[in-house]
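Coordinate-derived values only; no laboratory data. Just so it is clear, the model here is predicted, and its values are computed rather than measured. A quick note on method: Cβ atoms are made from the backbone with ideal geometry, for glycine too, and the neighbour counts reach across all protein chains shown.
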Amino acid sequence: MSLKITKTKAKKYRSELKKMKMKVVTVARLSAQIGIIESVLREELAFFDPMVRMDESYNVLRLIPELERYIEPSSVKVPRAKPRKKSSQTYESLGDYVYRNFTVPGGIVDQHVILSNQQLHDLRKLVLAEIKQRKSQKE
């Protein structure tokens, strides 16, 4: 089981590897250079190539391209929350809302009405405003 390596650590390892002017850099040498226990370093670098764990003479300079690919910013964009639409209709009161949305022409209540998300949002705002008004009247 290889440990998931952070991008900060990957940057640190890459920069240390690039500073070293040698043709072969082992995990033991890199460990001594950066001050991290060799077994921990092996586990973290095994994320890029599992052979790091088994081969004592593994040249970690081979991992530089993998480290750079891992560090580069992701091209996947995180979707942002869409702003809510303002209500297209304004209602004078809760009764006005009920009359407009729950009745059929002639004033008969339709028991099978299905409200849209926007209508439910408007209803919530009206109910909260009504509760707020009643609390202020009590005090």
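How do 26, 6 rank when sorted from fewest to most other Cβ atoms within 10 Å of their own Cβ?
6, 26
Stretch residue 71-residue 40 to full length: gain in nm at 0.36 nm per residue minus the Cα-Cα span?
Fully extending the segment from residue 71 to residue 40 adds 9.2 nm.
Identify all lysines with a Cα-Cα distance to residue 135 below 20 Å; exclude those on the same chain that are fewer than 8 residues away in sequence.
Cross-link targets: 125.
Using a simple spin-label model with points 7 Å from Cα along the Cα→Cβ vector, what separation in nm is obtained for residue 57 and residue 135?
Computed distance between label sites residue 57 and residue 135 equals 7.6 nm.
What full-extension length gain, to one decimal in nm, is calculated for residue 101 and residue 21 as 0.36 nm per residue of separation minus the Cα-Cα distance?
Difference between extended and current length: 21.2 nm.
Does segment 7-71 come out rounded, prolate or oblate by the C-alpha gyration tensor, with a ≥ b ≥ c the root eigenvalues, rounded set by a/c under 1.5 and, if not, prolate when a/b is larger than b/c and oblate if not?
rounded
Full extension from residue 11 to residue 112: what is 0.36 nm times the residue separation minus their Cα-Cα distance, to one decimal in nm?
30.3 nm
If packing is taken as the mean number of other Cβ atoms within 10 Å per residue, what is the order of 94-100, 110-116, 19-25, highest first?
By packing density, highest mean first, the sequence is 94-100, 19-25, 110-116.
Between segment 1-70 and segment 88-110, what is the separation of their alpha carbon centroids in Å?
68 Å
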